[in-house]
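Peer 1: Would you mind keeping the following structure in view while I ask a few things?
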Amino acid sequence: MDHSTHHTGAHDHAAHQGHEGHGGHQMGAVTWGAAAKATLHCLTGCAVGEILGMVIGTALMWGNAPTMILAIALAFVFGYSFTLFAIRKAGLVFRTALKVALAADTVSIAVMELVDNGIIALVPGAMDAHLADVLFWTSLLGGFGIAFLLTTPVNKWMIGRGKGHAVVHAYH
């Protein structure tokens, strides 16, 4: 069957030359390294936002729910911002860059936040720990480690289908 009649615009396959080193961003051929790199990128933004939110909420002696809401909101803000700033450098207008960042990171950030905050909520005493407590930091950082391990396969699956972090690679 000839599928060329289904394409409405020209697609320059030569433009993809030289991207072989990106480790499997083509649909179906995704490496664990590419997925781990995408997850680490997501984790960086999430960690900055979540740590900042936890520190602010804890320092202001907010309750658990407002602190967690702030931490999750800031994790999304920083997670999206890291991607947004990177693709804005490629020359995309803000609105288009925002759409790409939302498409690239929403599922990854959501899974990461669900796992990380779930871990913190399940560790006895972690929600009541203070900034100076080892339990505060070990539960937070341990949650990030577990979230990384559980989010990497999600990102691998999404990249393999041309979704998630794969969307960003068209702009660098």
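Peer 1: Any idea how many residues of region 49-65 are in a helix (DSSP H, G or I), farther than 16 Å from L114 by Cα and not small (G, A, S)?
Peer 2: 4
Peer 1: Hey, D105 hits all of (1) in contact with a Gly (Cβ under 7 Å, 6 or more places away or on another chain); (2) open to solvent by 20 Å² or more (accessible area, probe 1.4 Å); (3) in contact (Cβ under 8 Å) with a residue 60 or more places away in the chain but one; which does it fall short on?
Peer 2: (2)
Peer 1: Restricted to region 72-96, and to residues that are touching a residue at least 60 places away in the same chain (Cβ under 8 Å) and in a helix (DSSP H, G or I), which residue is nearest to H41 (Cα to Cα)?
Peer 2: My answer is T83.
Peer 1: Restricting attention to region 126-153, which residues are in a helix (DSSP H, G or I) and touching a residue at least 60 places away in the same chain (Cβ under 8 Å)?
Peer 2: Those that are in a helix (DSSP H, G or I) and touching a residue at least 60 places away in the same chain (Cβ under 8 Å): M127, D128, F136, L140, F144, A147, F148, T151, T152, P153.
Peer 1: Given the conditions (1) touching a His at 6+ places or on another chain (Cβ under 9 Å); (2) among the hydroxyl-bearing types (S, T, Y); (3) loosely packed, with under 14 Cβ neighbours inside 10 Å, which single one is not true for T138?
Peer 2: Of everything listed in (1) touching a His at 6+ places or on another chain (Cβ under 9 Å); (2) among the hydroxyl-bearing types (S, T, Y); (3) loosely packed, with under 14 Cβ neighbours inside 10 Å, T138 misses just condition (1).
Peer 1: Scan (1) farther than 21 Å from L140 by Cβ; (2) crowded, with 20+ Cβ neighbours inside 10 Å for the single condition L92 breaks and write down its number.
Peer 2: For L92, the failing item is (2).
Peer 1: May I pose another question? Picking from G164, G79, G143, G125, which residue would you name as being open to solvent by 10 Å² or more (accessible area, probe 1.4 Å) and among the small types (G, A, S)?
Peer 2: Matching residue, one of G164, G79, G143, G125: G125.
Peer 1: Here is a further query. State all residues of region 115-160 that are more than 20 Å from A59 (Cα to Cα) and among the small types (G, A, S); if no residue qualifies, say none.
Peer 2: If the condition is that a residue be more than 20 Å from A59 (Cα to Cα) and among the small types (G, A, S), then G118, G142, G143, G145, A147, G160 are the ones that fit.
Peer 1: Based on what the data block shows, is T67 open to solvent by less than 60 Å² (accessible area, probe 1.4 Å), farther than 22 Å from T39 by Cβ and of a type in the set (S, T, Y)?
Peer 2: yes
The values are calculated or read from the model by the stated rules, or taken from the named source; none is laboratory data. Owing to the predicted nature of the structure, the values given are computational and were not obtained by experimental measurement. Positions of Cβ are generated from backbone atoms using ideal geometry, with glycine treated the same way; all protein chains shown enter the neighbour counts. Side chains included, ligands, DNA and RNA excluded: accessible areas come from the protein's heavy atoms. Shrake-Rupley method; radii C 1.70, N 1.55, O 1.52, S 1.80 Å.
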